[in-house]
Amino acid sequence: MKYIIEKGSMNKTKWIFIFIGFFLIIMSSFDLYNFLQANQFVYQYPGDWDKVILIPIGVFLIIRARKFSVQSRDLFVEISNDQLMFRAERKNSVRKIAFSTIEKIQKKDKKIMLTTKNLSKIIIVDFNTVRIRDDNRKSITTALIELNDDLTPNN
């Protein structure tokens with residue numbers, strides 16, 4: 001199971017924005033240059049803005065594409081066959097914890113914490129700081145609590 005806490009990586013969208021931005025800049029610059037050369041560099045305002053306005057739009061799209069590279073470091077929780085992978089904060093790297101080292105997973109307030117066999121406590125998800133829809137929050141919480149039930153031995 002994989003639960004994306006925020007939007008996932010938009011790598012394709014990033015490259016589409018970059019290519020369209022460069023295309024608009026090159027096309028508009030070439031068209032503007034040909035127009036100015038044909039009219040002996042005499043430009044008539046306000047009628048010929050269509051050749052100029054696409055250049056800043058292309059620059060805007062290239063700058064806007066940076067947003068999608070930031071999203072590639074989004075928060076997530078992934079439960080595989082033998083390990084739990086998660087990123088609780090954007091600045092952190094992906095953490096992988098084997099099920100054999102997990103002692104228990106518990107929920108306190110709006111935090112889901114993991115306790116390992118060597119008694120270190122790790123915050124998997126802090127719902128106070130992360131924006132997430134309620135249905136996703138419930139499904140992540142129930143999946144992690146069920147994982148805790150599966151990992152604890154039945155006495």
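What follows draws every value from the coordinates through simple rules; no lab data is involved. Computed from a prediction, not measured in an experiment: that's the story for all the values here. No Cβ is skipped: glycine too gets one built from the backbone with ideal geometry, and neighbour counts run over all protein chains shown.
Here is how the numbers come out for the structure above:
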{"item": "Partner lysines for K107 [C-alpha distance under 30 Å; skip if fewer than 8 residues away on the same chain]", "result": "K2, K7, K91, K96, K117, K121, K138"}
{"item": "Inter-label distance, nm, simple model (7 Å from Cα along the C-beta direction), W15/F41", "result": "4.0 nm"}
{"item": "Ranked packing of 28-41, 100-113, most packed first, by mean Cβ within 10 Å", "result": "100-113, 28-41"}
